[in-house]
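Participant: Got a structure here, written out as structure tokens. Questions coming.
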Amino acid sequence: MLAAALHTSESTLFGRFKQATSMTPMQYLKRLRLGEARHRMVILGESAAQAARTVGYRSASHFSRDYRAVYGAPPATDATRSRTHLRQMAPALTDSGGDQPTSP
């Protein structure tokens, strides 16, 4: 349907998509879903099971396997590590002097 709307063939669209993203459309979609799941775990505090269901995974083991392949650690381990890293970075981000007024 998208290829027809763009007046091109599916194979041409697929090839151009892969050329632009270095991923197939399915790989890209999987990466988006895993990124959203990671956001939900790290920022929103959802469990791995909740995040997996929310982004459309039916199997927790499949989600865990895909997640580990992309992020190098199981979902819960990575989320905990990422939250810790963000907390450690927070003081550095607020102490950078960005929008805070200075005294004369």
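The values are calculated or read from the model by the stated rules, or taken from the named source; none is laboratory data. Source: prediction; values computed, not measured. Cβ sites come from the backbone with ideal geometry, for glycine too, and all protein chains shown count toward neighbours. Surface areas here come from the heavy atoms of the whole protein model, side chains and all, with no ligands, DNA or RNA. Shrake-Rupley method; radii C 1.70, N 1.55, O 1.52, S 1.80 Å.
Participant: Output the qualifying pairs, or none if there are none: Cβ atoms under 9 angstrom, residues six or more apart or on different chains, first residue in the stretch 49-72 and within 12 Å of residue 37 (Cβ to Cβ) and among the β-branched types (Val, Ile, Thr), second residue open to solvent by 60 Å² or more (accessible area, probe 1.4 Å) and assigned to a helix (DSSP H, G or I).
Facilitator: From residues that are within 12 Å of residue 37 (Cβ to Cβ) and among the β-branched types (Val, Ile, Thr), the pairs are 54/36; 55/32; 55/33; 55/36; 70/30; 70/31; 70/38.
Participant: Can I ask one more? Kindly indicate whether residue 58 is in a helix (DSSP H, G or I) and open to solvent by 40 Å² or more (accessible area, probe 1.4 Å).
Facilitator: The answer is no for residue 58.
Every residue, every condition in (1) open to solvent by 80 Å² or more (accessible area, probe 1.4 Å); (2) in contact with a Pro (Cβ under 9 Å, 6 or more places away or on another chain); (3) at pLDDT 95 or above, yes or no:
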{"residue": "1", "(1), (2), (3)": "yes, no, no"}
{"residue": "31", "(1), (2), (3)": "yes, no, yes"}
{"residue": "38", "(1), (2), (3)": "no, yes, yes"}
{"residue": "50", "(1), (2), (3)": "yes, no, yes"}
{"residue": "62", "(1), (2), (3)": "no, no, yes"}
{"residue": "69", "(1), (2), (3)": "yes, no, yes"}
{"residue": "90", "(1), (2), (3)": "no, no, no"}
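Participant: Take the conditions outside any helix (DSSP H, G or I), at pLDDT 95 or above, of a type in the set (A, V, I, L, M, F, W, C) and surrounded by 11 or more Cβ atoms within 10 Å (Cβ to Cβ) and apply them to residue 79. Does it pass?
Facilitator: Answer is no for this residue.
Participant: Could you list, in sequence order, the residues of the stretch 34-55 that are among the β-branched types (Val, Ile, Thr) and in a helix (DSSP H, G or I)?
Facilitator: Step one: list which residues in the stretch 34-55 are among the β-branched types (Val, Ile, Thr), which gives 42-43, 54-55.
Correct list: 42, 54.
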